[in-house]
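Okay, so here's the structure we're looking at.
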Amino acid sequence: VTGGYQNSVEAVIGSVVLTAILLLMFWGLFEYAFGSLIGKLNLQERYIKTILNSQKNIVVVTDGKRLIYANLAFFDYFGYATLDKFLSEHSCICDFFESGESNEYLQADMDGMLWTEYLLRYSTQEHKVKMSVAGKTSIFTVNSQKMAYENQIRHVVVFTDITRLNE
């Protein structure tokens, strides 16, 4: 009886050890495969941020109501250190849109549409925005591209300063 019991205990211990070894092997394989994939994604994200931050134009990503990403030119122009600080005071870059003497400048709401929807609907037209920050007024041309992913809509919007050209 004692020998049978001892064999059963050894079989259980052997099974537990084998299971633990197999789990560690699978975990290592999982970490290797997905760690490499995550590393590649991080590298791609760094490439994209580097490219966007090297632009002199203001580049933002928005859902039309709230900013999701902004490049360094945005922070230089508006004088905020981080997007969180900007968002604590403003929900949208469109908070800065000003009207002019005519309807030549884009507004937050255009013909019952969000400004980003308006840009896409009338993409063949030239769109301008007038904004003032710290007493300095600038005029920008605005271009937008729609990006859809898993039922989420994002707009990549580029603001090109044409103030000197207008003057």
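The values are calculated or read from the model by the stated rules, or taken from the named source; none is laboratory data. All values reported here derive from a predicted model rather than from experimental measurement. FYI the Cβ positions are ideal-geometry reconstructions off the backbone, even for glycines, and counts take in every protein chain you see. Ligands, DNA and RNA are excluded from the accessible area calculation, which covers all protein heavy atoms including side chains. Shrake-Rupley method; radii C 1.70, N 1.55, O 1.52, S 1.80 Å.
Give me a count of the residues in the range 118-140 that are open to solvent by 20 Å² or more (accessible area, probe 1.4 Å), in contact with a strand residue (DSSP E or B) (Cβ under 8 Å, 6 or more places away or on another chain) and farther than 22 Å from residue 80 by Cα.
So the count comes out to 6.
Has the range 75-87 got any residue that is at pLDDT 90 or above, aliphatic (A, V, I, L, M) and under 15 Å from the mean Cα position of the chain (by Cα)?
Scanning the range 75-87 turns up at least one residue that is at pLDDT 90 or above, aliphatic (A, V, I, L, M) and under 15 Å from the mean Cα position of the chain (by Cα).
Exactly one condition in (1) touching a Phe, Trp or Tyr at 6+ places or on another chain (Cβ under 7 Å); (2) in a strand (DSSP E or B); (3) free of Cβ contacts under 8 Å to residues at least 40 places away in the same chain is not met by residue 140; state its number.
It is condition (3) that residue 140 fails.
Restricting to the range 87-114, and then to whatever is of a type in the set (Gly, Ala, Ser) and touching a residue at least 24 places away in the same chain (Cβ under 8 Å), can you tell me which residue is farthest from residue 161 (Cα to Cα)?
So, considering only residues that are of a type in the set (Gly, Ala, Ser) and touching a residue at least 24 places away in the same chain (Cβ under 8 Å), the one farthest from residue 161 (Cα to Cα) is 91.
Among 117, 45, which is over 21 Å from residue 164 (Cα atoms), touching a Gly at 6+ places or on another chain (Cβ under 7 Å) and of a type in the set (Asp, Glu)?
None of the other options fit; the residue is 117.
Just a yes or no: is a residue in the range 64-81 assigned to a loop (DSSP other than H, G, I, E, B), out of contact with any Pro (no Cβ under 8 Å at 6 or more places or on another chain) and open to solvent by 100 Å² or more (accessible area, probe 1.4 Å)?
Yes, some residue in the range 64-81 is assigned to a loop (DSSP other than H, G, I, E, B), out of contact with any Pro (no Cβ under 8 Å at 6 or more places or on another chain) and open to solvent by 100 Å² or more (accessible area, probe 1.4 Å).
Looking at (1) touching a helix residue (DSSP H, G or I) at 6+ places or on another chain (Cβ under 7 Å); (2) free of Cβ contacts under 8 Å to residues at least 60 places away in the same chain, which is the only condition residue 58 fails?
Residue 58 satisfies every listed condition except (2).
Can you pull out every residue in the range 108-132 that is among the small types (Gly, Ala, Ser) and either closer than 14 Å to residue 159 by Cβ or assigned to a strand (DSSP E or B) (or both)?
If the condition is that a residue be among the small types (Gly, Ala, Ser) and either closer than 14 Å to residue 159 by Cβ or assigned to a strand (DSSP E or B) (or both), then 132 is the only one that fits.
Residue check: is residue 52 open to solvent by less than 80 Å² (accessible area, probe 1.4 Å), touching a His at 6+ places or on another chain (Cβ under 9 Å) and free of Cβ contacts under 8 Å to residues at least 40 places away in the same chain?
It is false that residue 52 is open to solvent by less than 80 Å² (accessible area, probe 1.4 Å), touching a His at 6+ places or on another chain (Cβ under 9 Å) and free of Cβ contacts under 8 Å to residues at least 40 places away in the same chain.
For (1) within 25 Å of the chain's Cα centre (by Cα); (2) within 11 Å of residue 64 (Cα to Cα), each residue gets a yes or a no:
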position: 96; (1), (2): yes, no
position: 101; (1), (2): no, no
position: 108; (1), (2): yes, yes
position: 139; (1), (2): yes, no
position: 154; (1), (2): yes, yes
position: 163; (1), (2): no, no
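What about residue 96, is it surrounded by 17 or more Cβ atoms within 10 Å (Cβ to Cβ) and hydrophobic (A, V, I, L, M, F, W, C)?
no
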